[in-house]
Amino acid sequence: MKIVRKNDFGKEKKLTKQQKKIQDAFDNKRKVEVIPAKISDSYIQKKRVAAYCRVSTYAESQSGSFELQIQSYKEKIRLNPEWKLVDIYADRGASGTTIKKREQFNRMLNDCRLNKIDLIIVKSISRFSRNVLDFISIYRELKALTNPVGVYIEDLNINTLDTTSETLLLMLSVVAQAESEQKSEAITWSIIERFKKGLPIIPTHNFLGFTKDRFGKVVIEESEAEIVRFIYKNFLEGVRAVDIASLLNETNIPTVAGNKWKSSSIYRVLRNEKYFGLVIMQKTFTVDCFSHKKKINRGEKPQYLLRNGLPAVVSEEDWDLVQELLLNPRKGFKKKAVKNIEKPKNFVSTIKSGVFKGFIVIDTKWTKEEVAEVLSKGEHQ
């Protein structure tokens with residue numbers, strides 16, 4: 001039987017060679033033998049299964065949930081006769097918007113590349129990644145490995161190796177990313193509203209000269225404030241920043257972070273307006289919730305000034321004069337020799353945060369008399 005196609009005008013249309021071949025294949029059926037696909041060893045052997053869990057904060061309220069996830073995954077994998085437990089990869093206090101700082105997550109991906117894992121179990125897409133680009137790139141990389149690795153998402157009952165799952169997974173990852181963006185916007189809004197009401201956020205664990213009392217109020221830490229005043233006084237008298245740093249290092253007085261002083265760290269103290277009580281809020285801002293990159297605010301965002309927002313360590317007049325000298329160093333005072341400068345003695349470093357908050361750090365080089373003097377001062381405070 002010959003099939004002839006007609007065009008829209010009812011006229012006969014010639015068939016192409018390819019169309020004739022297809023017609024001939026159906027009219028004159030050929031005998032074709034089918035060689036079945038080989039069953040991979042991974043399907044015969046037990047699947048090597050890992051689980052990934054994550055909580056975004058170290059809060060005590062989430063610690064129970066974190067441990068519960070780990071133990072439940074261990075039990076679930078061990079009770080399945082077709083599964084073999086590889087490891088439980090768990091990140092605590094890690095954001096889902098980026099994979100850079102998730103050590104366990106990256107260790108898991110590396111083990112997948114080393115052909116140690118066949119399947120990853122995760123509670124939800126948001127636990128795996130809240131960044132669409134990250135999710136797509138990771139999901140496709142795992143799928144393209146020599147031994148493809150599937151991600152089983154429990155709340156959706158979906159395995160990423162299923163051919164029909166990609167569109168749905170991409171849509172849901174977009175939703176997870178949108179949730180992160182909304183949360184980020186809400187947090188940013190609440191911080192800005194605090195700034196508008198004159199409620200600054202001032203961490204003091206790395207802020208020389210200040211600490212917080214038991215009520216959370218920022219107060220002057222006198223032993224550290226003396227170092228700040230020493231820096232300002234000597235700079236105003238003509239001592240160079242590099243020489244001030246050397247003097248502090250010679251006296252074994254560390255920076256607030258416990259490091260050696262450099263001229264750059266001296267300049268940071270001299271330029272910090274908080275030392276005369278002025279608080280400038282939103283000096284930096286976060287570019288987006290995925291890169292977490294901070295940028296210096298050069299007018300892109302509004303800033304909020306709170307005068308007398310902190311107790312002053314130095315006077316505003318001294319601070320203003322220091323800024324003039326920093327801008328025009330040649331107009332400053334005559335350089336002062338450092339050999340006659342009285343160095344600070346018995347600097348008392350107090351731990352500002354953590355379990356040992358309020359404890360005094362004793363220098364091993366102090367004599368018994370100096371230690372007793374320091375401890376007696378601590379009793380009177």
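Computed from the coordinates by the stated procedures, all read-outs in this text should not be read as laboratory data. Values in this document were obtained by computation on a predicted structure and should not be read as measured data. All Cβ positions, even for glycine, are placed from backbone atoms using ideal geometry, and neighbour counts span all protein chains on display.
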> Working out 0.36 nm times the residue gap between residue 156 and residue 205, then minus their Cα-Cα distance, what length gain in nm do you get to one decimal?
Replying inline: 13.3 nm
>> If I stretch the segment between residue 137 and residue 32 completely, what's the gain in nm (0.36 nm per residue apart, minus their alpha carbon distance), one decimal?
In response: 33.8 nm
>> I'd like the FRET efficiency for residue 263 and residue 184, computed as 1/(1 + (r/R0)^6) with the beta carbon distance as r and R0 of 45 Å, rounded to 0.05.
In response: 0.75
> With each label point set 7 Å from Cα along the Cα-Cβ vector, what nm distance links residue 315 and residue 286?
Replying inline: 4.2
> In what sequence, highest mean first, do 230-237, 313-320 appear when ranked by Cβ atoms within 10 angstrom?
Replying inline: 230-237, 313-320
> For residue 194 and residue 237, FRET efficiency with R0 = 35 Å and r from the beta-carbon atoms, rounded to 0.05?
Replying inline: 0.35
> With labels modelled as points extended 7 Å from the Cα through the Cβ direction, what inter-label distance (nm, one decimal) is found for residue 46 paired with residue 65?
Replying inline: 3.1
